[in-house]
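The values are calculated or read from the model by the stated rules, or taken from the named source; none is laboratory data. Predicted, not measured: the structure shown is a model, and the values here were computed from it. Glycine also receives a Cβ, built like all others from the backbone with ideal geometry; neighbour counts cover every protein chain displayed.
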Amino acid sequence: MEAATKHRVILHLDMDAFYASVEQRDHPELRGMPVIVGSPPTQRGVVAAASYEARRFGVRSAMPSVTAGRLCPAGVFVRPRMEAYQAESRAIMAVVRALAGERIQQVSVDEAYVDVTESRPFGTADEALEAALPLTRSLKLTIRERRGLSASIGVASNKLLAKLASDFEKPDGLTLIR
């Protein structure tokens with residue numbers, strides 16, 4: 001008799017416009033506005049993060065602030081608060097650990113891989129991936145309810161595909177690659 005095979009199931013969690021989303025959550029007057037986290041355009045510096053409202057104007061992370069100011073003249077520039085983002089990251093990763101276990105590889109302040117292979121049932125690769133969807137939906141919902149932020153999550157059989165999947169339907173996406 002052949003032994004049952006566990007198929008690998010990897011989640012990639014990526015918080016949506018993390019720094020800008022934290023600013024919009026913590027400062028409700030910024031919600032719906034084009035928020036740009038970084039140095040103001042009158043000073044030398046770069047964009048650390050841009051809200052989705054600012055991204056519509058072409059503003060992106062690592063772009064010079066002066067360029068961001070030209071592309072989005074109505075942009076609201078906010079100085080980064082790294083301590084706040086790091087504290088928020090710890091709180092989010094605690095939620096992930098509580099729901100998904102200890103097999104987490106945090107790769108940045110707002111991204112992590114979660115290997116949920118051991119908690120998935122035996123079966124085909126597609127069945128194992130599909131079985132991860134309730135957990136994934138629960139992660140997204142719990143992060144939104146407890147932290148007031150949205151996350152995009154990719155589900156796949158390896159890290160590369162999971163990362164690609166998490167970028168597919170931003171913001172607040174959930175994509176499975178079979």
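Figures for the structure shown
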read-out: Qualifying residue in the stretch 145-152 (condition: touching a residue at least 12 places away in the same chain (Cβ under 8 Å) and among the acidic types (Asp, Glu)); value: no
read-out: Criterion: surrounded by fewer than 16 Cβ atoms within 10 Å (Cβ to Cβ) and under 16 Å from Phe18 (Cα atoms) - qualifying residue of Arg178, Arg144, Arg137; value: Arg144
read-out: Residue within the stretch 107-115 that is in contact with a His (Cβ under 7 Å, 6 or more places away or on another chain), at pLDDT below 95, crowded, with 18+ Cβ neighbours inside 10 Å and farther than 20 Å from Val35 by Cβ present; value: no
read-out: Check on Arg25, part of a helix (DSSP H, G or I), more than 25 Å from Lys159 (Cα to Cα) and outside the structural domain of Lys170 (by TED's automatic domain parsing); value: yes
read-out: Among residues of the stretch 9-26, those that are surrounded by fewer than 16 Cβ atoms within 10 Å (Cβ to Cβ) and in contact with a strand residue (DSSP E or B) (Cβ under 8 Å, 6 or more places away or on another chain), counted; value: 0
read-out: Odd one out for Gly123, checked against (1) free of Cβ contacts under 8 Å to residues at least 60 places away in the same chain; (2) surrounded by fewer than 18 Cβ atoms within 10 Å (Cβ to Cβ); value: (1)
read-out: Count - residues of the stretch 46-65 that are surrounded by fewer than 16 Cβ atoms within 10 Å (Cβ to Cβ), of a type in the set (A, V, I, L, M, F, W, C) and either part of a loop (DSSP other than H, G, I, E, B) or out of contact with any helix residue (DSSP H, G or I) (no Cβ under 9 Å at 6 or more places or on another chain) (or both); value: 1
read-out: Selected residue (criterion: surrounded by the most Cβ atoms within 10 Å (Cβ to Cβ)) from residues of the stretch 66-86 that are touching a residue at least 60 places away in the same chain (Cβ under 8 Å) and assigned to a helix (DSSP H, G or I); value: Tyr85
read-out: Residue identified as under 23 Å from Ala49 (Cα atoms), in contact with a Gly (Cβ under 8 Å, 6 or more places away or on another chain) and outside the structural domain of Tyr52 (by TED's automatic domain parsing) among Lys140, Lys163, Lys170; value: Lys163
read-out: Extreme residue, modelled with the lowest pLDDT, among residues of the stretch 121-154 that are small (Gly, Ala, Ser) and not in a helix (DSSP H, G or I); value: Gly123
read-out: Qualifying positions in the stretch 87-120 - without any contact (Cβ under 8 Å) to a residue 12 or more places away in the chain, closer than 22 Å to Glu23 by Cβ and not in a helix (DSSP H, G or I); value: Ser108
